[in-house]
Structure formats: C-alpha cells, structure tokens
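Single-structure report; data block below.
The values are calculated or read from the model by the stated rules, or taken from the named source; none is laboratory data. Note that the coordinates shown come from a computational prediction; the quantities given were computed from them, not determined experimentally. In this analysis, Cβ positions are derived from the backbone assuming ideal geometry, glycine residues included, and neighbour counts consider all displayed protein chains. Please note that ligands, DNA and RNA were not included when accessible areas were found on the heavy atoms of the full protein model with its side chains. Shrake-Rupley method; radii C 1.70, N 1.55, O 1.52, S 1.80 Å.
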Amino acid sequence: MPSPNSSPTPAPTGSRRPPLAVLGAPPAFAEPLHVGRPNIPDRARLLARIESILDRRWLTNDGPLVQELEQTLCRRLGVRHVVAMCNGTTALEIAIRALGLTGEVIVPSFTFVATAHALMWQEITPVFADIEPRRHHLDPAQIERMITPRTTGIIGVHLWGRPCDVAAIEEIGRRRGLKILFDAAHAIGCTDRGRPIGSGGAAEVFSFHATKCVNAFEGGAVATNDDRLADKMRLMRNFGFAGYDNVVYVGINGKMSEVSAAMGLTSLEDLEQVVARNQANFEAYRRAFAEIPGLRLLDEPLGPDDASNYQYVVVQIDERATGLTRDELVAVLKAENVLARRYFYPGCHRMEPYRSRFPQAGLVLPVTERVAAEVLVLPTGTGVSGAEIDRIAGILQAAIERAGEVRAALAL
Ligand code: T4K
C-alpha cells in the first residue's frame, strides 16, 4: 500500500470524489475516528459527584451512588430490582449462575464473545443457533432446532441496540420449560413493544462499558422482577456475605465502585441527548448511502412501539455491487484514519475454545457465516459530525467507483 505521506493521486477529471489514501493521497482524517469513542457527560456534574465520594470516604461496597444508580435505573426500566456490577461480563456470569443454568444454553454465535464466555467460564456449553438475516438476532425457528434434553436456557441478545424477538423467545421458554436471560449490553434506552428493555425473561443484563450509550468507565447491571433472584445476585457479587463474618453462598467480587456509579449516573442523565445524536448520525449515513451501490444500512423497520438507541451504524456489503469485499473497504477506511470495525467477525463459533470443541458448528450457522463476512460498523456518537459522515460516505463511494484500482493497490 502506498505511504499516506506520498503525493496525492488526482481524482479523475470532472469527479467530485475525494482522492484516496490507498491510492497515495494523504489520509482524509488527521486523527483516528473510532467506533466506540466514549460520550463524555457533563464534567461539572461528574466532578461534583466525585468530590462527594472523597468527602464521604465511601469508595465502594454498595455505596450511596451505587444505590442511587440502581434506584434510578429501576424507575427508568420499570423493574423491581437492578443490581449494579463491575462490568457486563461479570453481570452475565452472576445472572447465569444465580438462575441455575447448567448443561447447555442456546445463544447466538453472532455476538460479542463475552456472551459465550460467560457460560463457558462456568462449564456450561454454549450451543450456537443461527440468526435471521435482516436484523441479526436469534432466529426462533433455529432455537427450536438446537434444543436437546441437556438444554436449560436461552440467552437472547438485543444486538446493535435493537430489541430481539422477546415475545417469541419467551414463548419458547414457557413451552419448553427453559429459563430465559437477555443480554442487553447494547440496549440501554431501547424499547420493546412499548416497554423499556430490562423486564424481559428472568433477567436482562446491561453493560456500561466506556463504549456504550451509558458508561460507568467499566460497569454493568442486572435488571429483574424476581425478588429471590435479586437477593441471590446481591450475595454473589459480594463473595456471598450476608453480613459481617457470615458467608451463605459461593460468590465473587462483582461490585461496582462509587466512581463508576458517579460516571454512570451522570452519563444516564445525558442518555436522551446521546440517542438523539446517534439517530441524527444514523439518518445522515442513510442519506449519504442512498445513492451508493452495494451498501445496505441495517435499518429494518422497528415495530410501532419499539425503539433503538442507534448505538451502532451497521452496513452490510454486497461485493457483487461494490466490486470490493468488506475487508477491502475496511482497509480503504483505515488508510483514511477511519477505524471501522468488523463486529462480530468471525462469530464466536470460530473463536477458541469453541472452534476446537465444535469444528462443524458453521454447518448449522450459514446466516451467521455470511453476515460475519459482510458487516462493517462505522463511527457514531457525540464525537462524530454530519460533515465527517459525508466524508466517510464520499470515501466509500470513491473506492467503489475505482474498485479495480483500489483492489490492485491493496494487493501490492
Ligand atoms: N455482551 C455483549 C453483546 C457485548 O457487546 C459486550 C461488550 C458484553 C456482553 C460485555 O460487556 P462488558 O464486560 O464489556 O461490560 C468493545 C467493548 O470493550 C465491549 O464492552 C463491547 N461489548 C464490545 C462490542 O466492544 P472492543 O475490544 O472492540 O473494544 P475496544 O477497546 O477496541 O474499544 C473500541 C474503540 O473505542 C477503540 O478502538 C477506541 C475507542 N475507545 C475505547 C475506550 C475503551 C476510546 O476512544 N476510549 C476508551 O476509553 O470491545
């Protein structure tokens, strides 16, 4: 690939398309544009909360800000209990254990690997079911196919900040006697049939990682309407202590710190603005991509009472129309300092230890395999402007128009 510092290649006469860094032009962006750049909430409010933590000298262990975050989330989500945790992965692990899942649990392979690892970490076998092609969520018919006598539960994932088919998954759970958990790591601020995501199944698990719409630096939470389950998870996140010197359960350290809760509360206050900005960015991408062949934005209509937080801008690449593969377009963007991501390539079933354990899994996951090869995730959030989105679209359009040259340059 030519150096980004070599002299720019002029655009073809008459073209308004930008020159391309893969063809020798300087990169379009001086600074990298990330997927997952954190949204920074109001600094004064955050710092005031941190001052209060220092004044109180209460830094962790179910402090007042953790409790305030839990209560605020209970009201927002319309649930009886929210148990805050140190991150989404630990929250998943604790929820899985508290629910008593064992044997096999059905999950999508097309998700962040933490969904599968949270099971495997406790010797539960994740059984990967295929997704439907337009929304990338678990396909209920495929769930049914994967149920065996060892199956104890299903974990649905609200991938991309869009509600998965909660009603269908809950119905399978009722009919087949399986416990239902939802991985809502992407889904704070989303709505399913008029209800905030959080009250589905036995419990729903959120992530408040730095890259999420609500961030607590690192953080997570489990929402549930089950009083006993909530009590159990509170014990489990604190080594099983039910008071000084009294351990009543096996547990780990899953506690959220006060400084994380300070960030979580402040970030939650900005959620509506963040979602509005994400939606505006999404619409800007939609307009900019309307005329570009082969770029299909994931914009399947939501149900009339559903809502997304637009956290991810997901594009599926049709190589027959673009003349370039998804990976070639990732390389084109990277040369311009746009760090698009291939989430959730190559699918959990192609990562260890699952690849070695289930070498044939791909045979029952044809949609996962295709989607994982075609999906590109683009930068959004409060750090990305409409003008930058237009430039990203211009780069993609120019690359597609000059696909032959681009492919040859990338092959060098
Ligand atoms: N279930 C699902 C479905 C999930 O997607 C996740 C996490 C979980 C469960 C587990 O929740 P947590 O245990 O994480 O709470 C990122 C996040 O680390 C991860 O939270 C997220 N999903 C996943 C989809 O994305 P990476 O490895 O891609 O992150 P990373 O470090 O590359 O960050 C993305 C970009 O953001 C970077 O290129 C740079 C930028 N960035 C990142 C951080 C942390 C910043 O600019 N500043 C920052 O502070 O996994």
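Looking at (1) in contact (Cβ under 8 Å) with a residue 40 or more places away in the chain; (2) within 16 Å of the ligand (Cβ to nearest atom); (3) open to solvent by 30 Å² or more (accessible area, probe 1.4 Å), can you tell me which one D62 breaks?
In the conditions (1) in contact (Cβ under 8 Å) with a residue 40 or more places away in the chain; (2) within 16 Å of the ligand (Cβ to nearest atom); (3) open to solvent by 30 Å² or more (accessible area, probe 1.4 Å), D62 misses (2) alone.
May I ask you to list the residues in segment 335-357 that are in a loop (DSSP other than H, G, I, E, B), more than 13 Å from the ligand (Cβ to nearest atom) and open to solvent by 60 Å² or more (accessible area, probe 1.4 Å)?
E352
Kindly evaluate P379 against the criterion of being open to solvent by less than 40 Å² (accessible area, probe 1.4 Å), under 30 Å from A25 (Cβ atoms) and of a type outside the set (A, V, I, L, M, F, W, C). Working first, answer last.
Numbers: open to solvent by less than 40 Å² (accessible area, probe 1.4 Å): yes; under 30 Å from A25 (Cβ atoms): yes; of a type outside the set (A, V, I, L, M, F, W, C): yes.
Spelling it out, P379 is indeed open to solvent by less than 40 Å² (accessible area, probe 1.4 Å), under 30 Å from A25 (Cβ atoms) and of a type outside the set (A, V, I, L, M, F, W, C).
Quickly run through segment 146-164 and pick out the residues that are within 16 Å of the ligand (Cβ to nearest atom) and outside any strand (DSSP E or B).
H158, L159, W160, G161, R162, P163, C164
Within segment 178-197, work out how many residues are closer than 22 Å to D227 by Cβ and away from the ligand (no atom under 15 Å from the Cβ).
Within segment 178-197, the first condition is being closer than 22 Å to D227 by Cβ, and the residues that meet it are 178-182, 184, 195-197.
Then keep just the ones that are away from the ligand (no atom under 15 Å from the Cβ); that gives 178-180, 195-196.
Of the residues in segment 178-197, 5 are closer than 22 Å to D227 by Cβ and away from the ligand (no atom under 15 Å from the Cβ).
Mind checking which residues of segment 32-43 are assigned to a loop (DSSP other than H, G, I, E, B) and within 11 Å of the ligand (Cβ to nearest atom)? So that I can check it myself, show each step before the final result.
Residues of segment 32-43 that are assigned to a loop (DSSP other than H, G, I, E, B), as a first pass: 32, 35-42.
Selection gives P32, V35, G36, R37, P38, N39, I40.
Return a yes/no flag: does segment 160-172 have any residue that is under 21 Å from the mean Cα position of the chain (by Cα) and closer than 22 Å to R350 by Cα.
Yes, segment 160-172 has at least one match.
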